[in-house]
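Q: Sending over a structure as structure tokens; questions will come in a sec.
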Amino acid sequence: MKKSNVSSLSKLVKKFSQEDVILQMEKEYRSVASVNIPLEKIDDNSYVNKVIFSKKTVNLLGKSIKEKGFFNPLVVRPKGDRYELILGRKRYFGANNIKLAEVPAIIREVGDEEVLLMLLADVRDEREGNIVEMALICNALSQKYNYSQATLGKLSHQSRSQVTNIVRLLSLPERVLKEVMLGELTYGHARALLGLDKFEIEEAVNTIHHNKLSVRETEALVKRYHYEDGDYEKNIALITKSNARDVKIKPSSVSFEFDTNEEKEAFIEKYLSD
């Protein structure tokens, strides 16, 4: 990578890894006059247009806009004789829901890379997005601009392994991703399904809903697909007794994995301390 590119990336990472960078941008935008743009001339963002919202969410946003107007304008960029949405997707869909003719917007000339970083900062700070949106954005930055997992971790305030697991969600069937986006399955449920084949995932999802399984119970369910009955029963017994997230049984060893350091220390205190 050329030195100038490294310098440019460093500046972008420094800027967009800060907390509330989008909030700061919106404060700056308030000093800039917005313009009214015909809603039909604004296209959804091409990087995250797969992300959907529940009808209830869209209806509530539409009702709020109708009663109170726009607290913040949309942020868009010109695309030929049209505009592409950058920030404000929920407001955009809420405005569509009540069939507004025009919406207030700030127009910015922004390249694809910075658009992705703005989207990532927005979803990271839990403002208008969800975990599937973060997966799409991180994947695009990785594929299109060769962002490393470490860099994506800094930008998303996640560990490298968390970024890897988030992006891996995109390998799941559309049904699962849709349910995660709509809040019908949590990220924890979806992560537990990784590694199963499509038939197993379909079967597991049906069981999750039918039995209202927790994430921990889902992780236990998924293990059934990887163990012989005897090994499975031993594994689940150890998980239940130790309160571990996972237990790996090998011919000459057993390893325990915990969600938190506190759970690990409690296990050590209970079983290994005199």
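Q: Need a quick list: helices (runs of 4 or more DSSP H) entirely within region 214-274 having at least 3 residues that are at pLDDT 75 or above.
A: Working: elements: 215-223, 229-242, 261-271.
Answer list for region 214-274: 215-223, 261-271.
Q: Of everything in region 135-191 that's closer than 19 Å to residue 12 by Cβ and not in a helix (DSSP H, G or I), which residue is farthest from the chain's Cα centre (by Cα)?
A: Of everything passing the filter in region 135-191, 146 is farthest from the chain's Cα centre (by Cα).
Q: Here is a follow-up. Exactly one condition in (1) part of a helix (DSSP H, G or I); (2) farther than 29 Å from residue 57 by Cα is false for residue 132; which is it?
A: So residue 132 meets the others, but not (2).
Q: Whether any residue in region 173-190 is at pLDDT below 90 and loosely packed, with under 14 Cβ neighbours inside 10 Å is what I want to check.
A: No, because not a single residue in region 173-190 is at pLDDT below 90 and loosely packed, with under 14 Cβ neighbours inside 10 Å.
Q: Given 76, 123, which one is over 23 Å from residue 170 (Cα atoms), of a type in the set (A, V, I, L, M), surrounded by 22 or more Cβ atoms within 10 Å (Cβ to Cβ) and within 23 Å of the chain's Cα centre (by Cα)? Spell out how you get there, then give the answer.
A: Values: 123 fails: over 23 Å from residue 170 (Cα atoms).
Exactly one of 76, 123 is over 23 Å from residue 170 (Cα atoms), of a type in the set (A, V, I, L, M), surrounded by 22 or more Cβ atoms within 10 Å (Cβ to Cβ) and within 23 Å of the chain's Cα centre (by Cα), namely 76.
Q: Within region 42-60, does at least one residue satisfy the condition of being surrounded by fewer than 18 Cβ atoms within 10 Å (Cβ to Cβ), within 26 Å of residue 11 (Cβ to Cβ) and touching a residue at least 24 places away in the same chain (Cβ under 8 Å)?
A: Yes: region 42-60 contains one or more residues that are surrounded by fewer than 18 Cβ atoms within 10 Å (Cβ to Cβ), within 26 Å of residue 11 (Cβ to Cβ) and touching a residue at least 24 places away in the same chain (Cβ under 8 Å).
Q: May I pose another question? From the list 131, 201, which residue is at negative phi and touching a Pro at 6+ places or on another chain (Cβ under 7 Å)?
A: Numbers: 131 fails: touching a Pro at 6+ places or on another chain (Cβ under 7 Å).
After applying the criteria, what remains is 201.
Q: Could I ask something else about it? Kindly provide the set of residues from region 93-117 that are aromatic (Phe, Trp, Tyr) and part of a strand (DSSP E or B), ordered by number.
A: Passing the criteria: none in range.
The values are calculated or read from the model by the stated rules, or taken from the named source; none is laboratory data. This is a predicted model, so every value here is computed, not measured. A quick note on method: Cβ atoms are made from the backbone with ideal geometry, for glycine too, and the neighbour counts reach across all protein chains shown.
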